[in-house]
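This report refers to the structure that appears directly beneath it.
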Amino acid sequence: MKVFKALTIAGSDSGGGAGIQADLKTFQELDVFGMSAIVALTSQNTLGVHDVFPQSVEAVVSQIEAVATDLKPEAVKTGMLFSSDIIEVVAEQIKNHELDNLVVDPVMIAKGGGQLLQDDAIDSLVKSLIPKATVITPNLPEAARLTEVESIETISEMKKAAKRIHEFGAKHVLIKGGHLSSDQKAIDLLYDGFTYYSVSAERIDTKHTHGTGCTYSAAIAAELAKGHGLHKAVNKAKHYITCAIKHSLPIGSGIGPTSHRGHRLEV
Ligand code: PLP
């Protein structure tokens, strides 16, 4: 039996709903063997981020090397990368080990308000990592920051941002429309440099969405690891994240996590 493997390079969420923990749960649910390189520890619960403890660049490089030289992943996702130094070594490792099927989730700020990427790291993200991405998955505030506009509030503004981010060198751009205000549907926009595709699902009214972005991008990486093309991987991942939000867990007293086993309840 062929075992498909995926690597997440991201931050740890002690609360278990986002970051490395969300990624590994998602890989497992989607029948992919999950591996991790932890770039920062966060002390976190449903109310917010209490502390961030970044790891050294040596620790990050060592983890990726250990995995890549023995357990070469079929797909990789990056999440919280925290600093410019970490982004630069992650990009270098991806190149040196010829890691393919790279999903870049440009994590910047947690829903509870914690800063997960330093302000001066955006430049490294744009110049060193985005050009290596098979797909980059910004939400609307992240897409606005990457394209240096005040805000993105319409589909036409999403299209403009997708085009600009594609020019940074990503093969595909998936702008997530979850933050769009008035829509009945949760519409994401996928752009490959030629055509805009809409990826839509029912919009679920819940406040318990902690870890949504991590989970969605991990699901895309898992589907790519299994050999699906990008469009199929995104469509399957959209179904997975919609189920996870639909069955999200009202635990803790803040923003609860999505349910990584939600997809099992929707067949
Ligand atoms: N904590 C870590 C370690 C993450 O990687 C992420 C990913 O975006 C978050 C928190 C964000 O979680 P939230 O969905 O609540 O914004």
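The values are calculated or read from the model by the stated rules, or taken from the named source; none is laboratory data. For clarity, every value in this text was computed on a predicted model and none was experimentally measured. Reconstructed Cβ throughout: ideal geometry from the backbone, glycine too, with neighbour counts over all protein chains shown. Keep in mind that these areas ignore ligands, DNA and RNA; they rest on the heavy atoms of the full protein, side chains included. Shrake-Rupley method; radii C 1.70, N 1.55, O 1.52, S 1.80 Å.
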Checklist entry - Of the peptides 126-137, 212-223, 52-63, how do they stack up when ordered by the mean number of other Cβ atoms within 10 Å, highest first? => result 212-223, 126-137, 52-63
Checklist entry - Which number comes out as Rg/Rh for the range 1-124 once both Rg and the Kirkwood Rh are worked out on C-alpha atoms? => result 0.96
Checklist entry - Between A75, G114, P138, whose Cα lies farthest towards the positive end of the dipole of the range 56-138 when Lys and Arg beta carbons carry +1 and Asp and Glu beta carbons carry -1, centred on the Cα centre? => result P138
Checklist outcome for this item: For K176, counting only lysines whose alpha-carbon sits under 19 Å away and dropping same-chain residues fewer than eight positions off, the answer is K77, K111, K159, K160, K163, K185, K207, K232, K236, K238, K246
Next on the checklist: Of all beta bridges DSSP finds with both residues in the range 83-241, what is the antiparallel percent, to the nearest 5?
Outcome noted: 70
Checklist entry - Looking at the chain, what % of its DSSP beta bridges pair antiparallel, to the nearest 5? => result 45
Checklist entry - Going toward the positive end of the dipole of the range 75-166, with +1 on Lys and Arg Cβ and -1 on Asp and Glu Cβ, which of S128, S84, V104 do you reach last? => result V104
Checklist entry - So, with a 1.4 angstrom probe, what is the percent of accessible area on the range 1-146 that is carbon and sulfur? => result 50
Item to check | Per-residue HN-Hα couplings for the range 54-68 [Karplus 6.51, -1.76, 1.60; θ = phi - 60°; Hz; x = Gly/Pro] | outcome: x, 8, 6, 4, 4, 5, 5, 4, 4, 5, 5, 5, 4, 6, 5
Checklist outcome for this item: Toy charge model, Lys and Arg Cβ at +1, Asp and Glu Cβ at -1: the chain dipole around Cα centroid in debye, rounded to 20, equals 940
Checklist entry - Could you give the accessible area per residue of the chain, probe 1.4 Å, as a whole number in Å²? => result 44
Next on the checklist: Would you report the distance distribution of C-alpha pairs in the range 39-191 as whole percents per 5 angstrom bin, up to the bin with the largest distance?
Outcome noted: 2, 9, 18, 21, 19, 15, 11, 4, 1, 0
Checklist outcome for this item: per DSSP, antiparallel bridges as share of beta bridges in the range 1-98, % nearest 5, sits at 30
Item to check | Amide hydrogen neighbours beyond the local backbone of G114, cut-off 5 Å, H modeled | outcome: V49
Item to check | With eigenvalues of the C-alpha gyration tensor scaled by 5 and rooted, the chain, Å | outcome: 24, 21, 20
Item to check | Fraction of accessible area attributable to carbon and sulfur, the range 155-209 (%, probe 1.4 Å) | outcome: 49
Next on the checklist: Please list, by residue number, everything in the range 206-230 whose backbone N is under 18 Å from a paramagnetic label point 7 Å out along Cα→Cβ of M1.
Outcome noted: 223, 225-227
Checklist entry - With contacts defined as alpha carbon pairs under 8 Å and 6 or more residues apart, what's the relative contact order of the chain in percent? => result 19
